[in-house]
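Taken together, the values in this text are just the output of simple stated rules run on the coordinates, not laboratory data. Note that the coordinates shown come from a computational prediction; the quantities given were computed from them, not determined experimentally. Methodologically, a virtual Cβ is constructed for each residue, glycine included, from the backbone with ideal geometry; neighbour enumeration extends over all protein chains shown.
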Amino acid sequence: MKKIWLYLLLLFLVMILCVWQHAGNILLQSAQEEKSINTLVADTKKSVISYTIVQKEGRNYTLSGRFNTVAQQNEAAYIFTLEKSKVEMKETSTDTSLEERGGITLLEKIAPIFMEDFKEGKITFADEVFTVEGEIGSYKTKNQIQSILASTTVLSRDLTRVVLPEQPINFSIKREGKKNSLDGHFTNESQENILLKAIQKSNENVSISLLENKVLLDFGGIALAEKVIPFFMQNYTTGEITYKDKLFTVRGKAKSENVKHEMDKLLAGQTMPTKNLTVVDTAHLLKISEAEKAKEAAAAKETEMAAKALKSKEETAKALQKEEAKKNISKLLKVENIEFNTGKSTLTKKGQEVVDKLAIILKEYPKVRIEIGGHTDSDGSGSSNKDLSQKRVDSVKAEIITQGVDGHRIVAKGYGESMPIVPNTTAENKQKNRRVEIKIIGE
């Protein structure tokens, strides 16, 4: 009986020893597997591309990051250039071991919205997480972004902030004969005073009905109204100036057709939307005396004559400039020839010096246009002579352009042997026929 208990005790001790050894192996294997997983995660993070796109002023962006290839890097930049944006490469590099993992594909979907609606925006793709942040002007854009991010398997974060546009001020300035009124909602009293002073400068009385709201913003309506009011008060019999929902509108009856056109000019070139609904007050036109009409006609004629005199003066100056240029070029070519290397279109040293002087003359008279005509003697075939003369004048034109002269001012034409100035019967005559002629052809 005692032996049985002894055997049972030994068996129990053996079981405990086996369990202890097996547990040690499990812990060792678990530690090795954890180490392998950590190594794999670290390797995975190292093997994925990363980039950052930062929005600068307007549609200007900077791109930095690590890509698989230069082509992949350029693809990320090209996505933005499709929307007429400018991208500056900054601190970029390539590594063929890096993987894309959806970062470029998702960028292609987000970029159009990003360029259209974002302010102070930023897109990053790091550690396989795509993040978009910045300010947007509507919840519709926010929903579009979230929908795109939700449709992809790429991990993503939406850090965009919706900033709704502020409400603008509004006002109405009405004119009926000598009666005027100003109504509206403004940010503060100073805005009201600007409009009141503009009206009162025309010695006009005005009734007012005004409210103030500090959250309202002026998007340019006050400055434009201050500019338009004096002209409006002086030249309209009845009418109204309104600024509502960022739209600046002028309507009413003007004292003449010219007033309508002048109002068009005042409203042109504004950053805000404008509308001119002016019509001519025909009843007022009937009241204008013949003397006033004659006075206006005389003034118009005087203006026209002054314009004609100015035009004549300008034309005289142009003609004088053209003549002076012609004399200087003629004087230059009488003393020196534009020489080329024998049988070639390249300039000799002396020929280069003459072309340099010609370029100086053309820069001195920037509106003069010239023709450079190339001529040869009759030696050789007609086609080869024409080809050589064309190459030579092209060479002269190219050299002048490199010195800062606009190429549109120069016509280069090779005539070959077709226009000799003397018969090609002697060596001396042939030398005379081998020439470059400069003609003034206009401005």
Practice task
Hey, can you grab everything whose amide H is under 5 Å from the amide H of E417? Only 5+ residues off in sequence or another chain; H modelled, so Pro and N-termini drop out.
Solution key: T376, K386
Problem - For peptides 385-395, 96-106, sequence by mean Cβ density within 10 Å, most packed first - result: 385-395, 96-106
Exercise for the section: Note the angle between two axes, namely the Cα long axis of helix 70-81 and the longest principal axis of the Cα atoms of the chain, as a number of degrees from 0 to 90, rounded to the nearest 10. Expected result: 60 degrees
Problem - Inter-part distance where region 215-238 and region 375-427 are each reduced to a Cα centre, Å - result: 64 Å
Handout entry: Inter-label distance for A398 and A126, nm, one decimal - labels placed 7 Å from Cα along Cα-to-Cβ
Key = 5.1 nm
Fill in the blank from the handout: Between (1) 138; (2) 261; (3) 343, the structure-derived volume of the Cα convex hull per residue in Å³ is (3)
Completion exercise
Taking Cα atoms, the helix 290-335 axis meets the longest principal axis of the chain at an angle in degrees (rounded to 10) of 90 degrees
Fill in the blank from the handout: Rounded to the nearest 0.05, FRET efficiency between K246 and K142 (Cβ-Cβ, R0 22 Å) equals 0.45
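If r is the Cβ-Cβ distance from S181 to V70 and R0 is 56 Å, what FRET efficiency results, to the nearest 0.05?
Details: r = 67 Å, r/R0 = 1.20.
That pair, S181 with V70, gives E of 0.25.
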Handout entry: Acute angle (nearest 10 degrees) that the helix 349-364 long axis makes with the longest principal axis of the chain, alpha-carbon atoms
Key = 80 degrees
Problem - Simple label model, 7 Å out from Cα along Cβ direction - L82 to E302, nm - result: 6.3 nm
Problem - Computed label-point distance, nm, for sites Q167 and L13 using a 7 Å Cα→Cβ extension - result: 9.2 nm
Completion exercise
Counting only residues 5 or more apart in sequence or on a different chain, those whose built amide H sits under 5 Å from that of T160 are G134
Practice task
Starting from the Cα gyration tensor of region 170-287, take the square roots of the eigenvalues, sort them a ≥ b ≥ c, and report rounded, prolate or oblate (rounded when a/c is under 1.5, otherwise prolate if a/b is larger than b/c, else oblate).
Solution key: oblate
Completion exercise
Under 5 Å from the placed amide H of V280, counting only residues 5+ away or on other chains, we find A254
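Suppose only helical runs count, i.e. DSSP H with n ≥ 4. What mean residue ellipticity at 222 nm does that imply for the chain under -39500 (n - 2.57) per run, divided by all residues and rounded to the nearest 500 deg cm²/dmol?
Values: 12 runs with 218 residues, N = 443.
-16500 deg cm²/dmol, from helical runs alone.
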Exercise for the section: Sort region 50-162 into rounded, prolate or oblate with this rule: let a ≥ b ≥ c be the square roots of the eigenvalues of the Cα gyration tensor; rounded if a/c is under 1.5, and if a/c is not under 1.5, prolate when a/b is larger than b/c, oblate otherwise. Expected result: oblate
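Using packing as a proxy for protection, rank 305-313, 154-162 so that the peptide with the highest average count of other Cβ atoms within 10 Å comes first.
Highest mean packing first, the order is 154-162, 305-313.
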Completion exercise
For the E116, L277 Cβ pair and Förster radius 45 Å, calculated FRET efficiency rounded to 0.05 is 0.90
